[in-house]
Amino acid sequence: MDARSDRMALAAARAGSFRSAAKALGLDAATVSRTVRSLEDQLGVSLFERLPNGLRPTAAGTAYLAEAARLVEDLDRLADRAAAAGRGETGSLRLGFLWSFASGPAARLIAAFRAAHPQVTLSLTEAGATGLAAALTAERLDLILIAQATAPTDAGPLRRQPLWRERLMVVAPLDAGPGPTTSWADLAGRPLLCRLDDPAAAFSAYVAGLGGPVLDFRPQDCALTSLPGLVAAGLGWAVLPESATEGLGPGLKATHLAGDSAVMTVTALWRPETDNPVLVRFLALARRLSRPGSDPG
């Protein structure tokens, strides 16, 4: 017994004859008749009465075909689900981001992906680059989005895909000195707030490599979105991506860091052995939205 035999028997019951069932299935009548007869032999009962003008299910046939119909529907549903999962239309993705999912390009990317793939479950994590890289290599995350300049160099053979760019902003009290823009030199000697697991040393090395000053980072055990509040409390300034400075509270201002170097490239990292069709679809959308003219930011 197999699903093929059940499908032929069900088609015969619906059509009322082997000939009509064969036509509907694109087979010849002899094949359908022979397959149903073999099924009956395996079951040890007659499923149909053979009448001069067609077929009529027996009592045993009616009972069997009702169960067979449910089984075939379940098989079809399972096949559909498996196919959808294989295409990345269902499933899950564990995504980590260096900055905030609440605004900017990441928020728009997530919204676009959710609209296109409502059956996919997204699990989102916000953390510093160090924590994200550790979670990725430990297989607790499928994909992370971090700043290219602070991407780990010792996290194994990860795949990388540059996506969009974000300008860096300096968040300072409203009465602080700099005007519309701030230079790297303006940050020399100032306490700069960051999260505990932000790669402050890597970022400092990046700035120094650009000819900037040595930066004095002061790690804080808080979320990225809490840093502006700590700036307002007078603990220091903060260097944040532009998307994280939307909706600053009173008493604060955000100024652009001057120069082409004050831009960070957001890069996707994932393990090369990851077999997740949802990840493939997410990256495809991220690349499409990051092209010139369709930047998610």
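Taking amide H as placed 1.01 Å from N in the peptide plane, Lys253 has its amide H under 5 Å from the amide H of Ala172, Leu174, each at least 5 places away in sequence or on another chain.
Between the amide H of Phe217 and those of Leu192, distances stay under 5 Å, these residues lying 5 or more places away or on another chain, with hydrogens modeled in the peptide plane.
Placing a label point 7 Å from the Cα of Arg167 along the Cα-to-Cβ direction, the residues of region 179-222 with a backbone N closer than 19 Å are 179-187. Residues whose amide H comes within less than 5 Å of that of Gly91, counting only those at least five positions distant or on another chain, are Thr121 (H built at 1.01 Å from N in the peptide plane). For region 56-66, the Karplus equation 6.51 cos²θ - 1.76 cosθ + 1.60, evaluated at θ = phi - 60°, returns couplings of 9, x, 6, 4, 5, x, 4, 5, 5, 5, 5 Hz by residue, with Gly and Pro reported as x. The HN-Hα couplings worked out from phi for region 268-275 by the Karplus form 6.51 cos²θ - 1.76 cosθ + 1.60 (θ = phi - 60°) are 8, 10, 8, 6, x, 8, 5, 10 Hz, whole numbers, x standing for Gly and Pro. Taking every DSSP beta bridge that has both ends in the chain, the antiparallel portion is near 55%.
Since every read-out is calculated from the coordinates, none of them should be taken as a lab result. This is a predicted model, so every value here is computed, not measured. Using ideal geometry, Cβ is built from the backbone for each residue, glycine included, and neighbour counts are taken over all protein chains shown.
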